[in-house]
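Have a look at the structure below before the remarks.
The values are calculated or read from the model by the stated rules, or taken from the named source; none is laboratory data. Quantities reported herein were computed from a predicted structural model and do not represent experimental measurements. In case anyone asks, the SASA skips ligands and DNA or RNA and just uses the protein heavy atoms, side chains included. Shrake-Rupley method; radii C 1.70, N 1.55, O 1.52, S 1.80 Å.
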Amino acid sequence: MTVEIKYVVVREGEEKMSFANKKDADAYDKMLDLAEVLGDWLQESPLKLEDEQNDALAMWLAEQRDALSTIIKTGKLPESAPAEKVPAARKKAAADEETAEVKPIKAA
């Protein structure tokens with residue numbers, strides 16, 4: 001019999017992602033915290049987004065936090081690596097969104 005340890009990130013009673021080590025689970029949980037704060041902040045924007053668009057943008061900004069930090073600090077785009085790493089969670093979300101309806105952005 002094999003014993004396997006999994007670290008599961010749960011939000012509002014829903015399992016978001018599971019990881020083989022605590023460090024990755026904590027990093028993902030921290031990214032979700034940042035996405036939540038960014039989502040709340042984006043709602044204050046004069047540009048009104050649909051809820052799904054707001055959530056997707058907040059998640060993307062949280063995933064790109066290092067690049068965003070560089071842009072804010074230097075005023076320049078960071079040099080990107082030839083094959084940027086896309087988090088597994090984002091790949092899964094992108095696969096789920098392939099069948100989702102695209103809605104236009106509504107300006108205030």
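Per residue, how much accessible surface does segment 1-87 expose to a 1.4 Å probe? Answer in Å², no decimals.
80 Å²
Can you list, largest first and rounded to whole Å, the semi-axes you get for segment 1-64 by taking the square root of 5 times each eigenvalue of its Cα gyration tensor?
Each semi-axis is √(5λ); the values are 30, 11, 8 Å.
Ignoring ligands, DNA and RNA, what percent of the 1.4 Å accessible area of segment 8-85 is carbon and sulfur?
54 percent
Top to bottom by accessible area (1.4 Å), largest first, where do Ile5, Ile71 land?
Ile5, Ile71
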